[in-house]
Structures are given as structure tokens and as C-alpha cells.
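*Asks:* Submitted below is the structure of interest, expressed as C-alpha cells.
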Amino acid sequence: MISILLPTCNRPIYLREMLKSLRNTTQSYEVEIIAIIDDNPESNEIAALYRADYIDYSIKRRGALWAWNEALRMSDGDILIPCGDDQIFHEGWLEYALESHETRLKGYGVVGMNDLAYNGNTQLATMFLFDRAYCKNEMGGIFAPPMYKYFCIDSEWNAKAKILGKFYWDERSVVEHLHSSHGKREFDELDKEKVDNNWAEVDNQTFEERKVNGFPITWQPII
């Protein structure tokens, strides 16, 4: 079983294309989609249309970090894939990533996928998959460490896996990120919220402090 951990808020147009590409590229796999939806009835309808296996909908904003962790708690898969609503899954992405997880990492660790923006070896893999055992043993049974606002979760997952020798970037596995900073979608209210609250600077400082201290696990496990 492969679990897709999907938070979404107020991006129904992108969500539709994301789910369409996900379904089209995973037809031969046992995949469960866990959609945690905030504050958008249309997104709720789209998730149902594309047969999300679990839908948790709220009219109130709960936030992406809470949503990723809640999706993790609800998940059954041995392979876990956190994602966003502004991504496009390209043909063969999952086959390549699973192959690398098995052959390059011996079934234990983090496979970075190609977002068509960054090099996962020299920069950052913003999209990645990992196995349940690795999450429990190395990340304290959680996806989003609670001290972050939004950014640097991927940075911590990348950095810690590289330190442990349990990271592999698979350039062949393309999951395109349609981010406003790459000019692939408009700057929206969710982007503005992050900028207005200075979350990038705050989270980068938190990340550097945690890195110096060896990324300590200071939370209770979800799984």
C-alpha cells in the first residue's frame, strides 16, 4: 500500500489537475489518497470526484502542517508520500522512485523526486517518498515537526537522511512543482500569508538551530 498525504486549501483548479495526473500515473498500484481539506467546498467535491479514499473536510483553517500529520496518522501504507495541491505527477514517477527505494536504499530511507526546479543532491528535493519504518525510527513517527511554521520540513527530511546515508535523489522521477516562485502559477493568498508572516526567515532560523543540535526528536509519535 502507498499512502498519499494531501493537504489542500482554496486551490480547486490546481487540485483537480494534481489528482488527475496522480490517478493517471498510478493505475497499476495500490494507492490510498488521504485528502485533508480546509475551507473550500469545491475542493471537497473534486476530492470525491477523483475517489480520494479518505476525506477530512473542515470549514475552518487548520493548516498544512497539521493536515500532513493528520493524514500520516490516518495512513495505512508502508510507503508514504506527502504532497501538495500544486504538483503534476509525470509518467513513470512512482515506478522510478520505488525502484530506487528498493535498489539504492535497500527499502529503508528517503527518495527525493525531481520537481523540475532544484537538484536534490546539491540543493533540495521538495518532493520525496519514505517508508513507514524510517519515519518511525529516524523521524520520531511524525512528518511535520511542530516547531516549524511551514517551511523547512523538506529541508530537515533531506538533511537528516543525507547525514544518515539514507537519501537518494532520483532525477528520473518527475513530480513537477507548479510554484509561484518558479513562474508556474500566480502568487495567491496562501503565498501572501507566508510572506506577510515572515515564515521563511523564522523557519530557516529554526532549521539551522536544529541542525546544529543534530535534529533532536522532542515530540510524541503519531505512528
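*Asks:* Rounded to whole Å and sorted largest first, what semi-axes of the equivalent ellipsoid does the C-alpha gyration tensor of segment 2-212 yield via the square root of 5 times each eigenvalue?
*Replies:* 23, 21, 17
*Asks:* Something else now. In nm, to one decimal, how far is the K211 label point from the R104 one, both placed 7 Å along Cα→Cβ?
*Replies:* Simple spin-label model gives 2.1 nm for this pair.
*Asks:* By count of other Cβ within 10 Å, fewest leading, how are T126, T26 ordered?
*Replies:* So the ranking, lowest neighbour count to highest, is T26, T126.
*Asks:* Still on this structure, I have one more. Using alpha-carbon positions, what is the distance between the centroids of segment 117-137 and segment 10-85, in Å?
*Replies:* 19 Å
*Asks:* Find, among the trypsin sites (Lys or Arg not before Pro) in segment 1-95, those assigned to loop by DSSP (not H, G, I, E, B) with at most 11 other beta-carbon atoms within 10 angstrom.
*Replies:* In loop regions of segment 1-95 (DSSP not H, G, I, E or B), the sparsely surrounded trypsin sites (Lys or Arg not before Pro) are R51, K60.
*Asks:* Mind putting a number on the dipole of the chain about its Cα centre? Charges go on the C-beta only, +1 for Lys and Arg and -1 for Asp and Glu, and I need it in Debye to the nearest 20.
*Replies:* So the dipole magnitude of the chain works out to roughly 460 debye.
*Asks:* Y29 label point, 7 Å along Cα→Cβ, cut-off 18 Å on backbone N: hits in segment 130-162?
*Replies:* Correct set: 130-135.
*Asks:* In what sequence do V111, V202 fall when counting other Cβ within 10 Å, fewest first?
*Replies:* V202, V111
*Asks:* Okay, moving on. Given the peptides 102-109, 4-11, 74-81, arrange them by the average over their residues of other C-beta atoms within 10 Å, most packed first.
*Replies:* Final packing ranking: 4-11, 74-81, 102-109.
*Asks:* Separate question: Fewest to most neighbouring Cβ within 10 Å: what's the order for F207, F143, F128, F151?
*Replies:* Fewest-to-most ranking of F207, F143, F128, F151: F151, F207, F143, F128.
*Asks:* Tell me, what is the percent relative contact order of segment 2-212, built from C-alpha pairs under 8 Å that lie six or more residues apart?
*Replies:* Here the relative contact order equals 21 percent.
*Asks:* If you stretched the chain out fully between D78 and K60, how much longer would it get, using 0.36 nm times the residue separation minus the C-alpha to C-alpha distance?
*Replies:* The span from D78 to K60 would gain 3.4 nm if fully extended.
Bear in mind that the values in this text are calculations on the coordinates, not laboratory data. The structure displayed is predicted, hence computed values, not measured ones. In this analysis, Cβ positions are derived from the backbone assuming ideal geometry, glycine residues included, and neighbour counts consider all displayed protein chains.
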